[in-house]
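A short reminder: the numbers here are calculations on the coordinates, not readings from a lab. Keep in mind that what you see is a predicted model, and the values were worked out from it rather than measured. We place every Cβ from the backbone using ideal geometry, glycine too, and count neighbours over all the protein chains shown.
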Ligand code: ADP
């Protein structure tokens, strides 16, 4: 088909170039490029003949000459013939065309080289195919091992995730980028899982202890009120007050745990808004007004309105917890002071008390969950040990700086720096 196409195309080009002055050069080139023999007869004269081409031995080849003569005599317009040529001893393809009644174009070529190439290719094809097959098998085996082995390893490790997440380690000796990424992601997931597991255990240990104490007290005092002091109004009232206090403590604890777990699980997204912190602190202080009856004084002399950008609910909890702690741990003068200090980009909120202060070594620890400095007297002050961890979580979520300045027996200042409105 390829040869037939070539011949047909050459024929068309020859026909088009018949009137060209340089037809001889064009035909030479066509003849060489396409490995064909071109012969043009005009008015019974030989106009062009590419006799340098080996299959153009027209004069010596009777069969070929006869076919051409027959075609001219036949008065037909088109000739297309494939035949075995005795002179060359192989197949020839001959095309002929009558142009303008006085010109004849003949083009012929041998099919011999094609047949040989096809034969050669056929005999070699089996070896080529076999080699390619073996090579592709080796390569695919190599690649599948390189990918499948690490995947199997990852899979074996992943099976442990459910039960022993802390022991899993997705180390993957592979240079396949995607598998490396996968094992890194799984390592992260395993870390998170074991953290959750640890938190769950720590939570259970602390909570069960903290819940148990007030519950035991409630049970004991309720029994005492019913069985022992039922008729003694004064003692019964004392028992009932203890029960109410303990229930309050329980309520506080459960609330704090819920808040903390909500913040830690990051289910609530921060709702950043701009608000007037000066007025906001004033309204929070109003909630503590009841303490004034017990002799507490709150100093907050800020008159200028400052605007900060933060989650209002979160900041409310932070300030509330800090003031609450300041009340709980302030000195005998019962003073609590709140200050706002503005610098170029931030506004520092300070909650200051006049209490015993916090030792240097405890400054970092007070932010931990369930940490209380004086554990032995822990029941003296109502608290859950969760207040500052809630403060820490909220401030870190905001990316706000925070810290403690404290002098022993002089007092403590808890501060945090908020972003001000641009
Ligand atoms: P608690 O419910 O015990 O107050 P917090 O997390 O709020 O829990 O505080 C942790 C511990 O840090 C407290 O138990 C207390 O020992 C210490 N602390 C907190 N605030 C102050 C303060 N203003 N002055 C001295 N110590 C404080």
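Look at where the Cα atoms of segment 188-252 and of segment 130-157 average out, and the two centres are 61 Å apart. Counting neighbouring beta carbons within 10 Å and listing from fewest to most, the residues 194, 31 come out as 194, 31. Ranked by the mean number of other Cβ atoms within 10 Å of their residues, highest first, the peptides 352-358, 231-237 fall in the order 352-358, 231-237. Taking every DSSP helix (H) stretch of at least 4 residues in the chain, weighting each as -39,500 (n - 2.57) and dividing the sum by the residue count yields a mean residue ellipticity at 222 nm of -18000 deg cm²/dmol.
Computed from the C-beta positions of residue 273 and residue 135, the FRET efficiency with R₀ = 56 Å rounds to 0.25.
Compared with the dominant Cα axis of the chain, that is its longest principal axis, helix 2-17 is turned about 70°.
When a/c is below 1.5 the answer is rounded, else prolate if a/b is larger than b/c, else oblate, so apply that to segment 190-264 with a ≥ b ≥ c taken from the square roots of the Cα gyration tensor eigenvalues. Because a/c hits 1.5 or more and a/b exceeds b/c, segment 190-264 counts as prolate.
Annotation for residue 364 and residue 200: the two label points, set 7 Å from Cα along the Cα-Cβ direction, are 3.0 nm apart. Given axes a ≥ b ≥ c from the Cα gyration tensor, I'd like to know whether segment 1-158 is rounded (a/c under 1.5), prolate (a/b larger than b/c) or oblate. Because a/c hits 1.5 or more and a/b exceeds b/c, segment 1-158 counts as prolate. In plain terms, the chain from residue 223 to residue 350 could stretch by 41.2 nm, reckoned as 0.36 nm per residue minus the Cα-Cα distance.
Over the chain, what lengths in whole Å, largest first, do the semi-axes of the equivalent ellipsoid take, defined as the square roots of 5 times the eigenvalues of the alpha-carbon gyration tensor? In descending order the semi-axes read 106, 30, 18 Å.
Averaging Cα coordinates gives a centre for segment 1-42 and one for segment 161-184; these two points are 69 Å apart.
Legend: calculated FRET efficiency, residue 261 to residue 237, from the Cβ-Cβ distance at R0 = 25 Å, rounded to 0.05, equals 0.10. Using alpha carbons only, how many degrees (0 to 90, rounded to 10) separate the axis of helix 387-398 from the longest principal axis of the chain? The answer is roughly 30 degrees. Stretching residue 75 away from residue 128 to a fully extended chain increases their span by 14.0 nm, per 0.36 nm per residue minus the current alpha-carbon distance.
Mean-square fluctuations from a GNM of the chain, with a 10 angstrom spring cutoff on Cα atoms, peak among 387, 295, 411 at 295. Considering only 230, 23, 177, the Gaussian network model of the chain with Cα springs below 10 Å gives its largest mean-square fluctuation to 23. Against the chain, whose longest principal axis is taken from its Cα atoms, helix 177-223 shows a tilt of about 20°. Roughly what % of Cα-Cα distances in segment 272-419 sit above 22 Å, to the whole percent? Counting pairs separated by more than 22 Å, the tail of P(r) holds 37 percent.
With the simple spin-label model, which puts each label point 7 Å out from Cα in the Cβ direction, the residue 175 to residue 151 separation comes to 2.1 nm. Overall, the anisotropy analysis places segment 102-228 in the prolate class: the square-rooted eigenvalues a ≥ b ≥ c of its C-alpha gyration tensor yield a/c not less than 1.5, with a/b exceeding b/c. Across segment 190-264, C-alpha contacts under 8 Å between residues 6 or more apart give a mean separation that, scaled by the residue count, equals a relative contact order of 30 percent. Once the Cβ-Cβ distance between residue 313 and residue 187 is put in as r, and R0 is 51 Å, what FRET efficiency do you end up with, to the nearest 0.05? After rounding to 0.05, the efficiency reads 0.90.
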